[in-house]
Amino acid sequence: MTASPRHRRARALPALASLLVALLLALLALPALAAAPPRIGILTMQPGEVFFERFGHDAIVVVDPETGAATSYNFGFFDPTEADFIGRFIRGEMMYHLVALPVEQDLAHYQATGRGVDVQWLDLEPGQARALADALAERARPENSRYRYDYFTANCATQVRDALDTAMGGALKAQLAGRSRGNTYRSEAVRLARPAPWMWLGFDLGLGPYADRALSRWEEAFVPMRLADSLREARNTAGRPLVLAEEPVLPHRIAPEPAEAPRRWWPWALAGIVLAAGVLALRRRPRLLAGLALPLWLLCGLAGALMAFLWLGTAHQAGWANRNLFLLSPLCLLLLPGAIALLRGRTPGRMFRIVLVAVAALALLGWILQWLSLQPQYNLPWIGLFLPLHAALALALGRTSPQR
């Protein structure tokens, strides 16, 4: 028996309604499916002339695909009005903030100070770009923005690196962690601080053996310019180059980033030998020699006390177990009364001679440990300078009297 046309139309109506509902849902979903992902770029700012700008800077820029608005996510903000700000800075417990601001506003300072800025536009998968943009927006909220700052392991560049790696599911670290160019925290810090003599001197004297292990490409990305170098060589999760395009944003109008240069110890050793010869030449003039040695011992003692404090009283891991303490010993402060006695024409007590020998012996021990340690510290220039000097002072003043 054949169904009538009327019955066939009745049966077809539910199926047609279902089809129309499916089409309507598909049309409603089209805008979400077709929405372009945000554009992600890495801003790299060249080093500046102020001491806290010497290492350069970077930020993540997110461009909204609908409005074209570009937001800079900058991990380099801190609040000097915070309670105990100076104390936290000294103890290595400083807190920094992630701040989201219009990219034009973020770049204004760099334009005014002549610092160059480049942007690397990244080829991320759409889901990764959205996830990174969402994570940055959430983390930039005031209640989430703070992080514990560390000069080498948790700074503006490492935060950018880590955020990008998280969005890529660990693919960036997998490419960089197993490779090394032999750079160290010390070599990079001293290189970038070179234009400010007091700054590179502080880094070189204040860093312990932690700063002398060879860094992977992942670790050396604490320097923004090194991170930019590694991104140029990296691949995205689909195997394509991670950097889709690179372009200058602001020209660099001040001195460029210091180039790499070999560090030689022998000029320092030669200077130490010359100074030691001068000390021995003055051994018959102990009062003059004491006058010259007094500021040296004062500086050595104060520097040693500061290095001991960094090791025992702060969270600055890079300054722990610093072997320059063998050369710049706090014991030098005990030599000051003897130097003053010589200046006044008196004979120092027996303790003066004991401490003189102890200071020279510690410098010699530091040199021996340089060759025996399983975790060496690169301080041969300072050994070459101070060991001959301490030894010569011990020989010249250990058995003298002020009358000679």
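The values are calculated or read from the model by the stated rules, or taken from the named source; none is laboratory data. Only a predicted model underlies this, so the values are computations on that prediction, with no experimental measurement involved. Ideal geometry is used to build each Cβ from the backbone, glycine not excepted, and the neighbour counts take in all protein chains shown. With ligands, DNA and RNA removed, areas are computed over all heavy atoms of the protein, side chains included. Shrake-Rupley method; radii C 1.70, N 1.55, O 1.52, S 1.80 Å.
Could you list all residues from region 102-115 that are of a type outside the set (Ser, Thr, Tyr) and buried (at least 16 other Cβ atoms within 10 Å of the Cβ)? Full working, then the answer.
Step one: filter region 102-115 for residues of a type outside the set (Ser, Thr, Tyr), giving 102-109, 111-112, 114-115.
Once the filter is applied, which keeps residues that are of a type outside the set (Ser, Thr, Tyr) and buried (at least 16 other Cβ atoms within 10 Å of the Cβ), region 102-115 yields Val103, Asp106, Leu107, Arg115.
Out of all the residues in region 199-218, which are part of a helix (DSSP H, G or I) and in contact (Cβ under 8 Å) with a residue 60 or more places away in the chain?
Quick first cut of region 199-218, residues part of a helix (DSSP H, G or I) only: 199-206, 209-212.
If the condition is that a residue be part of a helix (DSSP H, G or I) and in contact (Cβ under 8 Å) with a residue 60 or more places away in the chain, then Met199, Asp204, Leu205, Gly206, Pro209, Tyr210, Ala211, Asp212 are the ones that fit.
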- Message: Suppose we filter Arg217, Arg191, Arg235 for residues that are more than 20 Å from the chain's Cα centre (by Cα) and modelled with pLDDT of 95 or more; which single one remains?
- Response: Arg235
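In region 338-361, what residues are part of a helix (DSSP H, G or I), of a type outside the set (A, V, I, L, M, F, W, C) and surrounded by 14 or more Cβ atoms within 10 Å (Cβ to Cβ)? Steps first, please.
Just the residues of region 338-361 that are part of a helix (DSSP H, G or I), to begin with: 338-343, 350-361.
With the extra rule that they be of a type outside the set (A, V, I, L, M, F, W, C), the set shrinks to 338, 350, 353.
Passing the criteria: Gly338, Arg353.
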- Picking from Leu207, Leu296, Leu244, Leu282, the residue that is more than 30 Å from Gly345 (Cβ to Cβ) and open to solvent by less than 70 Å² (accessible area, probe 1.4 Å) would be Leu207
- Message: Suppose the filter is outside any loop (DSSP other than H, G, I, E, B) and free of Cβ contacts under 8 Å to residues at least 60 places away in the same chain; does Phe75 pass it?
- Response: no
- Message: Can you pull out every residue in region 116-143 that is exposed (fewer than 13 other Cβ atoms within 10 Å of the Cβ) and of a type outside the set (Gly, Ala, Ser)?
- Response: Pro126, Glu138, Arg141, Pro142, Glu143
- Taking the stated definitions as given, is Ala221 surrounded by 15 or more Cβ atoms within 10 Å (Cβ to Cβ), outside any loop (DSSP other than H, G, I, E, B) and either in contact with a helix residue (DSSP H, G or I) (Cβ under 8 Å, 6 or more places away or on another chain) or not small (Gly, Ala, Ser) (or both)? yes
